[in-house]
Number of protein chains: 2
Amino acid sequence: MKKIINAPEDFVDEFVEGILLAHPDLVRTPGDDLRVMVRADAPLAGKVGIVTGGGSGHLPLFKGYVGAGLCSGVAIGNVFSSPSSDQILQATKAVDGGAGVLYLYGNYGGDVFNFDLACDLAELEGIPTATVLGRDDVASQPRERKHDRRGVAGILFAYKAAGAAAERGDSLEQVVAVTEDVVEHTATIGIGLAPTIMPTTGKPSFELPDGEMEIGIGIHGEPGSRRGPLETADEIADHLTSALVDDLGLGEGSRVAVLVNGLGATPLEELYVLYRRTHRFLADRGIEIVKKYVGEYATSLEMAGASISLLELDDARLELLEAPARSPFFREG
Amino acid sequence: MKKIINAPEDFVDEFVEGILLAHPDLVRTPGDDLRVMVRADAPLAGKVGIVTGGGSGHLPLFKGYVGAGLCSGVAIGNVFSSPSSDQILQATKAVDGGAGVLYLYGNYGGDVFNFDLACDLAELEGIPTATVLGRDDVASQPRERKHDRRGVAGILFAYKAAGAAAERGDSLEQVVAVTEDVVEHTATIGIGLAPTIMPTTGKPSFELPDGEMEIGIGIHGEPGSRRGPLETADEIADHLTSALVDDLGLGEGSRVAVLVNGLGATPLEELYVLYRRTHRFLADRGIEIVKKYVGEYATSLEMAGASISLLELDDARLELLEAPARSPFFREG
């Protein structure tokens with residue numbers, strides 16, 4: 001697989017520089033470290049700051065969700081590697097408007113370690129923080145261990161909710177509550193058809209024979225929880241959506257937001273073929289689809305594949321989802 | 001290459017159905033033929049309609065640009081194949097608000113043939129039409145034959161201009177004039193790193209050895225105008241941007257809009273690496289970048305590669321580009 005890059009070791013800093021050059025009206029770097037980025041108007045006095053982060057290679061995750069009505073700051077590491085606690089602290093200080101800072105990121109060991117360290121460092125600086133973990137991947141752990149699940153594309157809903165709550169002036173405690181509530185009602189599952197190629201090594205992250213797919217794939221180039229024969233789009237949509245409906249306990253009269261997410265190389269046409277059947281599957285069960293997102297929201301470089309996320313809606317969650325938001329990759333409202 | 005599809009022959013109708021199910025607030029099909037789509041509020045009385053179209057496989061082109069401030073209707077064919085004149089006529093009738101209809105599409109033989117036929121059919125129905133062709137690909141013909149160039153991603157600028165002009169109430173003649181003006185000042189050039197895989201055959205559209213790239217690639221899976229060694233991102237950006245600057249005769253004090261477009265499989269990170277150098281290249285020459293678009297705007301299924309487009313701006317063109325627009329894939333203003 002060929003890539004449009006310069007020296008592989010410059011890849012992260014160079015794409016971040018591109019983002020900063022392209023969107024100076026929306027984002028800025030608060031210091032010398034390009035990998036730390038905050039919304040251009042941060043800090044917002046009296047409002048809760050929201051810091052996210054994780055490895056590179058997932059655009060629009062994470063850098064793309066910094067802006068009004070979304071996250072206030074972000075720190076990223078190398079491809080699929082955690083940012084450092086110092087980088088997280090830099091972002092924290094730059095977005096602190098005096099009302100505390102929420103750490104909102106996906107549940108992965110390295111990220112948890114460094115964000116937790118940053119919590120301690122922020123406390124020394126007198127900045128109260130709280131943490132909510134994205135943990136939407138139903139394939140990563142069974143329901144009885146759902147608090148150990150890893151976070152994938154469904155964190156989009158948590159960003160929207162947290163950002164809207166902070167924007168309207170909720171306290172840190174309130175922002176945590178609404179964000180936890182959204183995470184609790186979000187579920188995601190994905191499939192992979194082709195691996196990621198690591199820019200540093202040029203090697204695929206796993207081998208997958210012709211005619212097979214990975215089910216329960218993550219967004220770090222890792223294989224899925226099991227492997228099976230490649231199914232048709234309709235079979236894939238039915239199986240994935242069914243797993244999500246079961247996990248969330250949805251039924252007639254439920255309302256949902258749907259996210260059909262491409263992992264990188266899969267054409268938008270195929271995502272709409274998946275959406276079509278997902279829509280029918282839910283409609284047949286009397287589940288109302290109130291909001292829809294179809295496109296690339298959380299990728300794994302050029303991995304081929306897709307995930308489906310559902311957020312069960314109530315009036316409060318829907319209001320947060322519909323609040324205006326604007327970032328380099330997210331425009332709505 | 002594996003795909004998320006059902007029967008290959010149902011691919012087009014199924015992704016279109018997905019779009020219609022996902023965006024009923026924005027678009028509708030005016031009759032029985034799913035491949036004909038118009039904005040939900042068409043026709044707009046007294047306003048010029050804009051119909052585009054072409055082959056499938058380019059999302060968000062063409063279906064994605066139907067909406068307020070953009071095109072009013074679209075007709076698409078099979079993958080990389082023209083729609084029929086009858087489908088174009090259906091779209092024409094459905095968007096006709098009494099002020100005439102502009103046909104705005106890329107310069108390809110099959111499309112020209114069928115749109116021209118539709119012109120004649122529309123005339124019989126008493127609907128005046130006019131045609132502007134996207135012809136921005138500088139690699140497809142030398143400058144002295146620029147009216148024969150094919151249309152690629154730069155048609156985005158023409159959509160924005162035509163849509164904004166129609167929305168503000170310009171006459172058909174005026175919409176044609178501003179759209180022609182934008183097309184005249186738009187130039188695009190692309191490179192390909194990996195071919196498209198046709199859904200019907202599962203076969204790659206061309207073979208490209210390791211360590212090589214196609215320069216001057218189109219968006220129909222066709223090879224480029226020449227083949228060369230794979231360059232670094234900075235070399236690619238320099239060579240492509242230089243060709244565009246020369247072609248448009250840009251220099252110190254020029255103002256431009258930049259579009260860095262992904263052809264399908266190329267990660268957004270790589271597009272920002274390209275944007276970074278393009279930005280520097282232009283800034284070094286005193287060329288001011290006023291608007292930037294980085295992402296997938298016109299694809300060729302899962303082709304790996306990218307194109308760069310420049311539109312030379314003046315106040316009139318900038319005003320049209322900045323007008324609000326909203327479609328399934330385009331949100332701005």
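The values are calculated or read from the model by the stated rules, or taken from the named source; none is laboratory data. This is a predicted model, so every value here is computed, not measured. Positions of Cβ are generated from backbone atoms using ideal geometry, with glycine treated the same way; all protein chains shown enter the neighbour counts.
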Worksheet entry | Scope the stretch A:274-293; condition closer than 23 Å to B:Arg331 by Cβ and either more than 18 Å from the chain's Cα centre (by Cα) or not hydroxyl-bearing (Ser, Thr, Tyr) (or both); matching residues | A:Leu274, A:Tyr275, A:Arg276, A:Thr278, A:His279, A:Ile289, A:Val290, A:Lys291, A:Lys292
Fill in: Single residue of the stretch A:235-264 satisfying the filter (in contact with a Leu (Cβ under 9 Å, 6 or more places away or on another chain) and either in a loop (DSSP other than H, G, I, E, B) or surrounded by fewer than 21 Cβ atoms within 10 Å (Cβ to Cβ) (or both)) that is nearest to the other protein chains (Cβ to nearest Cβ)
A:Leu263
Item to complete: Taking the residues in the stretch B:24-40 that are assigned to a loop (DSSP other than H, G, I, E, B) and not aliphatic (A, V, I, L, M) as candidates, determine which candidate is surrounded by the fewest Cβ atoms within 10 Å (Cβ to Cβ).
Response: B:Asp32
Worksheet item: How many residues does the stretch B:1-23 hold that are under 19 Å from B:Phe62 (Cβ atoms) and either part of a loop (DSSP other than H, G, I, E, B) or basic (Lys, Arg) (or both)?
Response: 1
Worksheet, complete the sentence: Over the stretch A:274-323, the set of residues of a type in the set (Lys, Arg) and either in contact with a strand residue (DSSP E or B) (Cβ under 8 Å, 6 or more places away or on another chain) or within 13 Å of chain B (Cβ to nearest Cβ) (or both) is A:Arg276, A:Arg277, A:Arg280, A:Lys291, A:Lys292, A:Arg317
Response to the item:
Every listed condition ((1) modelled with pLDDT of 95 or more; (2) over 27 Å from A:Phe15 (Cα atoms)) holds for A:Ser140 save (1)
Worksheet, complete the sentence: Residue pairs within 9 Å by beta carbon, gap of at least six or interchain, first lying in the stretch B:16-28 and under 13 Å from A:Glu270 (Cβ atoms), second outside any strand (DSSP E or B) and among the small types (Gly, Ala, Ser), listed first then second, are B:Ile19/B:Gly64
Worksheet entry | Selected residue (criterion: farthest from B:Leu271 (Cα to Cα)) from residues of the stretch B:174-206 that are away from chain A (no Cβ under 12 Å) and assigned to a strand (DSSP E or B) | B:Pro204
Item to complete: Grab the strands (runs of 3 or more DSSP E) fully contained in the stretch A:61-134, keeping just those with 2 or more residues being of a type in the set (Val, Ile, Thr).
Response: A:73-79, A:129-134
Worksheet, complete the sentence: Considering residues that are part of a loop (DSSP other than H, G, I, E, B) and among the charged types (D, E, K, R), the number found within the stretch B:283-309 is 2
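Each row is one residue, and each column tells you yes or no for (1) over 30 Å from B:Leu193 (Cβ atoms); (2) among the β-branched types (Val, Ile, Thr).
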| position | (1), (2) |
| --- | --- |
| A:Ile4 | no, yes |
| A:Val36 | yes, yes |
| A:Leu44 | yes, no |
| A:Leu61 | no, no |
| A:Gly64 | no, no |
